[in-house]
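Undergrad: The structure under discussion is supplied below as structure tokens; questions concerning it will follow.
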């Protein structure tokens, strides 16, 4: 049986169907979740995709953070469920306190939409199965506010705990320490600015995103098996 992955849709989300298509093509069962959908249906993982939740008014992700579904997503994450935020989803996760730091406007105040080389910096999280540390991937970016920032003590904790998931090879947006993605201390919540769902075939310029999405499916399957074992 395939794993069940919920894809959260806020008003203004625009990468939800791309994400659903990519995950479905890899064999997952997917379900679109409205921003007021509570409780969550039975799921093995949750993805918060890219876009402009609530038009990015006030601050990116700041309004989405208060949507009813985020309480359910937080509970799911706190119980160990795999949660991935892509681009705008990463911003939502930081606003919700599921990940540290914040995303601010890119250096130069330019919207960036381009292929991007990243290097895996940690391989012990829900997007790492089958990948090696220092392995390079080509994953496109598409953002205006992807410049990751945090205070010095938080940055040191991220380094010490091996929570920096990936770094840009040529930093496009001024992100602190070249950070393109991070995970929480429990390693089940990951936020990244690059879009793996847009790198699923050579016609799109790269198929490297498949490796990240397959890693998520693996983590979801492991979590499902763990849940079954605990319930037995």
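Undergrad: I need the full set of residues from the stretch 1-13 which are touching a helix residue (DSSP H, G or I) at 6+ places or on another chain (Cβ under 7 Å) and either modelled with pLDDT under 95 or closer than 14 Å to residue 219 by Cα (or both), in order please. Reasoning before the result, please.
TA: Just the residues of the stretch 1-13 that are touching a helix residue (DSSP H, G or I) at 6+ places or on another chain (Cβ under 7 Å), to begin with: 3, 5, 7-13.
3, 5 - these are the residues of the stretch 1-13 that are touching a helix residue (DSSP H, G or I) at 6+ places or on another chain (Cβ under 7 Å) and either modelled with pLDDT under 95 or closer than 14 Å to residue 219 by Cα (or both).
Undergrad: Considering (1) over 21 Å from residue 147 (Cβ atoms); (2) out of contact with any helix residue (DSSP H, G or I) (no Cβ under 6 Å at 6 or more places or on another chain); (3) touching a residue at least 60 places away in the same chain (Cβ under 8 Å), say which one residue 16 fails and leave the rest.
TA: All conditions pass for residue 16, except number (3).
Undergrad: Can I ask one more? Given the structure, is residue 99 crowded, with 21+ Cβ neighbours inside 10 Å, part of a strand (DSSP E or B), in contact (Cβ under 8 Å) with a residue 40 or more places away in the chain and on the phi < 0 side of the Ramachandran plot? Walk me through it before giving the result.
TA: Working: crowded, with 21+ Cβ neighbours inside 10 Å: yes; part of a strand (DSSP E or B): no; in contact (Cβ under 8 Å) with a residue 40 or more places away in the chain: yes; on the phi < 0 side of the Ramachandran plot: yes.
It is false that residue 99 is crowded, with 21+ Cβ neighbours inside 10 Å, part of a strand (DSSP E or B), in contact (Cβ under 8 Å) with a residue 40 or more places away in the chain and on the phi < 0 side of the Ramachandran plot.
Undergrad: Output the residue which, of all residues in the stretch 156-186 that are without any contact (Cβ under 8 Å) to a residue 24 or more places away in the chain and under 27 Å from residue 81 (Cβ atoms), is surrounded by the fewest Cβ atoms within 10 Å (Cβ to Cβ).
TA: Looking at the filtered set, the residue picked out is 160.
Undergrad: Here is a follow-up. Report, by residue number, each residue of the stretch 112-143 that is free of Cβ contacts under 8 Å to residues at least 40 places away in the same chain and touching a helix residue (DSSP H, G or I) at 6+ places or on another chain (Cβ under 8 Å).
TA: Narrowing the stretch 112-143 to residues free of Cβ contacts under 8 Å to residues at least 40 places away in the same chain: 113, 123, 132-136.
Scanning the stretch 112-143 gives no hits.
Undergrad: Ok, one more. Given the conditions (1) assigned to a loop (DSSP other than H, G, I, E, B); (2) crowded, with 21+ Cβ neighbours inside 10 Å, and given that residue 129 satisfies all but one, which numbered condition is not satisfied?
TA: So residue 129 meets the others, but not (2).
Undergrad: Working carefully through the options 34, 50, find the one that is closer than 16 Å to residue 16 by Cβ, touching a strand residue (DSSP E or B) at 6+ places or on another chain (Cβ under 7 Å), surrounded by 23 or more Cβ atoms within 10 Å (Cβ to Cβ) and at pLDDT 95 or above. Full working, then the answer.
TA: Working: 34 fails: surrounded by 23 or more Cβ atoms within 10 Å (Cβ to Cβ).
Checking each option against the conditions leaves just 50.
Undergrad: Would you check if residue 84 is more than 23 Å from residue 175 (Cα to Cα) and buried (at least 22 other Cβ atoms within 10 Å of the Cβ)?
TA: On the way: more than 23 Å from residue 175 (Cα to Cα): no; buried (at least 22 other Cβ atoms within 10 Å of the Cβ): yes.
Judged against the criteria, residue 84 is not a match.
Undergrad: Next question. Being over 13 Å from the mean Cα position of the chain (by Cα), at pLDDT 95 or above and over 26 Å from residue 210 (Cβ atoms) is the requirement here; does residue 101 meet it? Don't jump to the end; show me each part of the working.
TA: Working: over 13 Å from the mean Cα position of the chain (by Cα): yes; at pLDDT 95 or above: yes; over 26 Å from residue 210 (Cβ atoms): yes.
Yes: the conditions hold for residue 101.
Undergrad: Only one residue in 61, 89 is in contact with a helix residue (DSSP H, G or I) (Cβ under 9 Å, 6 or more places away or on another chain) and either under 19 Å from residue 216 (Cβ atoms) or at pLDDT 95 or above (or both), so which one is that? Even if it seems obvious, please write down each step before you answer.
TA: Numbers: 61 fails: either under 19 Å from residue 216 (Cβ atoms) or at pLDDT 95 or above (or both).
Being in contact with a helix residue (DSSP H, G or I) (Cβ under 9 Å, 6 or more places away or on another chain) and either under 19 Å from residue 216 (Cβ atoms) or at pLDDT 95 or above (or both) holds for just one of 61, 89, which is 89.
Undergrad: Does any residue of the stretch 207-216 turn out to be in contact with a strand residue (DSSP E or B) (Cβ under 6 Å, 6 or more places away or on another chain), farther than 10 Å from residue 126 by Cα and surrounded by 24 or more Cβ atoms within 10 Å (Cβ to Cβ)?
TA: Scanning the stretch 207-216 turns up no residue that is in contact with a strand residue (DSSP E or B) (Cβ under 6 Å, 6 or more places away or on another chain), farther than 10 Å from residue 126 by Cα and surrounded by 24 or more Cβ atoms within 10 Å (Cβ to Cβ).
The values are calculated or read from the model by the stated rules, or taken from the named source; none is laboratory data. Remember, predicted model here, so these are calculated numbers, not experimental data. Quick reminder, even Gly has a Cβ in these numbers, built from the backbone with ideal geometry, and neighbours come from all protein chains shown.
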